[in-house]
């Protein structure tokens with residue numbers, strides 16, 4: 001009988017230990033797993049509100065099926081007079097970062113989830129006819145700096161000297177994928193070193209081929225999108241999980 005009681009006590013003690021460990025894990029797991037999920041999934045209900053806070057009347061919505069998805073679908077919504085949102089463009093296939101969405105740091109291969117203002121357009125080609133967006137033709141002296149140690153981090157710079165002597169890391173804007181492109185104003189206000197840089201909407205290498213963190217699409221799709229955007233409507237972009 002005493003041995004039976006002792007075994008019951010040991011079993012109860014083990015159960016309490018396991019239960020305690022489970023509770024601790026449940027309390028700590030949001031610290032490790034929730035930020036990405038909250039950043040990506042939370043946008044489903046919050047993007048219209050955040051767009052209003054930004055004063056956006058046009059929102060490019062990019063939806064991925066999972067946090068690890070390398071592809072997604074893009075649409076363009078425009079605010080109506082009654083406060084609702086009309087779909088202007090839809091069903092545009094896009095490619096995303098090679099490691100999915102919910103960016104956390106420089107070089108992680110993810111597309112940043114969330115809602116951000118859209119900046120101007122640029123490209124190696126002439127400005128498309130009828131484009132309302134600000135547009136700048138790039139040259140071989142134009143760079144986007146992704147060196148976190150540089151005061152130029154996450155900024156566009158025109159420089160005539162040897163870039164290798166000025167920055168440890170940079171992106172040349174004079175390249176085929178940037179024949180046409182738009183700036184996503186991610187990590188801009190304020191610029192936080194190491195959080196991520198050079199996030200653009202640009203041409204894809206091929207359908208289904210992921211990016212280093214940007215959003216890419218075919219040339220006809222990008223030109224349609226750019227033509228539909230109006231800087232007077234403060235366009236923004238919302239990136240997250242499909243509902």
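Cβ neighbours within 10 Å, averaged per peptide: list 201-208, 76-83 in order, most packed at the top.
Details: 201-208: 16.4, 76-83: 13.6.
The peptides rank, most packed first, as 201-208, 76-83.
Panel order for 146, 152, by other beta carbons found within 10 Å of each beta carbon, from fewest to most: 152, 146. D by Stokes-Einstein for segment 42-241, Kirkwood Rh over Cα pairs, 20 °C, 1.002 mPa s: 126 µm²/s. Extension gain for residue 129 to residue 192 (0.36 nm times residue separation, less C-alpha to C-alpha distance): 19.1 nm. In summary, segment 134-240 shows an alpha-carbon radius of gyration equal to 1.11 times the 2.2 N^0.38 Å reference for compact globular proteins.
The ranking of 159, 186, 178 from fewest to most other beta carbons within 10 Å of each one's beta carbon is 159, 178, 186. A Förster distance of 25 Å, applied to the separation of the beta-carbon atoms of residue 90 and residue 139, puts the FRET efficiency at 0.10. Using alpha-carbon positions, what is the distance between the centroids of segment 77-124 and segment 165-239, in Å? A separation of 9 Å, based on Cα centres.
When DSSP beta bridges are restricted to pairs lying wholly in segment 80-205, around 75% turn out antiparallel.
Treating each Cα of segment 91-148 as an identical point scatterer and summing with the Debye formula, the log10 of I(q)/I(0) at q = 0.20, 0.25, 0.26 Å⁻¹ comes to -1.09, -1.10, -1.09.
No value in this document is a laboratory result; all are computed from the given coordinates. No experiment lies behind these values; they were computed from the predicted model shown. A quick note on method: Cβ atoms are made from the backbone with ideal geometry, for glycine too, and the neighbour counts reach across all protein chains shown.
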